[in-house]
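What follows draws every value from the coordinates through simple rules; no lab data is involved. All figures in this text were calculated on a predicted structure; none of them were measured in a lab. As a convention, Cβ positions derive from the backbone with ideal geometry for all residues, glycine included, and neighbour counts pool all protein chains shown.
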Amino acid sequence: MKNILVITDLSQEALPVLQFANKLAAKADAEIVLLHCLESEALTATNENRALSRLRNFAGRLHQQYPKVNATVVHNECVVRSGSLVSSVQDLVQDYRINLILMAAPYAADETENTQFFQAFLERVNCPILLVPAQGDIKTFNRISYAADFTRLDMSMLKRIISFARLYEANLDLVHVYQKQQRPYLAQYKKALSQLCVEVTYDKINFFLLEEDDKLEGINDFAEQREADLLVIATPDENLVKRLYSQKYLKTDAYHLHIPTIIYPEGNGIICSAHCPVCTLDKQRKHNLELVAL
């Protein structure tokens, strides 16, 4: 049985996120662990009981507002923790064998707070994180865009993403974004692409090579052009994740702010901003080798 950890602040805006989690749990035959964190309160028995009561009432409101959609859905576990959200999540991922963390996408105006949060989150949590935009009713996924490095792609990760795509019978677009100065490696990228075409059997998968100096701009434009319903990015780079929800993209009303995004914080097959410690260290070690580190 798969387990989905849903993080909530009990606000009215969080209800659509929980509604989406319910749909996903029903689709994937998964159970939900619902977490509310009291960061500023000591967790006495009284505080815990009150918070658990509020959390259960919050889950109950979902059935009142969306009775048809959520008739069969499960809230198997309601959990309240105090202190750091990151520490609480890290413990619960281990204790409940969590396969996916689901939470509301951060508000782009809180840029400094987002940076601190994601840096700690990506360093300490090793399972995928699904960020759901507050606006919009997510019904299904017809097309998924997955940004990855074809030369370093983690096949076990790709298989998990394909399994997710199969749940919705969705088209899966894999895009490798490379920069202008990486043109000498284009033959290497094409060779890796050809190998992927042989190894992958999913009949709704497509592969693309895209030149764009700003990789995140390229990813956003590609997702918009392909009319993706879901964006998947594999990266341990908090700088790129921070930029995803920066004020720059809020001002331009970027496409990716309106669709869910899954972040895989693994270090293989990454697509990153080229400013993260992982890439910097990689370049220092391999500067004499004919190997590109995206």
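General observations
- Simple point charges give the picture: +1 on the Cβ of Lys and Arg, -1 on the Cβ of Asp and Glu, and for region 2-104 a dipole about the Cα centre of about 400 debye.
- Ordering 14, 4, 26 by the projection of their Cα atoms onto the charge dipole of region 2-104, which places +1 on the Cβ of Lys and Arg and -1 on the Cβ of Asp and Glu, puts 26 at the extreme positive end.
- Förster radius 41 Å - calculated FRET efficiency between residue 61 and residue 124 (Cβ-Cβ, nearest 0.05): 0.85
- Cα-projected label distance for residue 179 with residue 94, points at 7 Å along beta-carbon direction, nm: 3.7 nm
- Normalised alpha carbon radius of gyration of region 2-104 [divisor 2.2 N^0.38 Å]: 1.02
- Among 235, 46, the ranking by other beta carbons within 10 Å of each residue's beta carbon, starting with the fewest, stands as 46, 235.
- Links that overshoot a 21 Å alpha carbon limit, given the list 139/215; 190/242; 27/159; 27/139; 191/242; 23/248: 139/215; 190/242; 191/242; 23/248
- Taking 7 Å steps out from each Cα toward its Cβ at residue 13 and residue 197 produces label points 4.5 nm apart.
- Virtual spin-label span in nm between residue 252 and residue 52, 7 Å along Cα→Cβ: 4.8 nm
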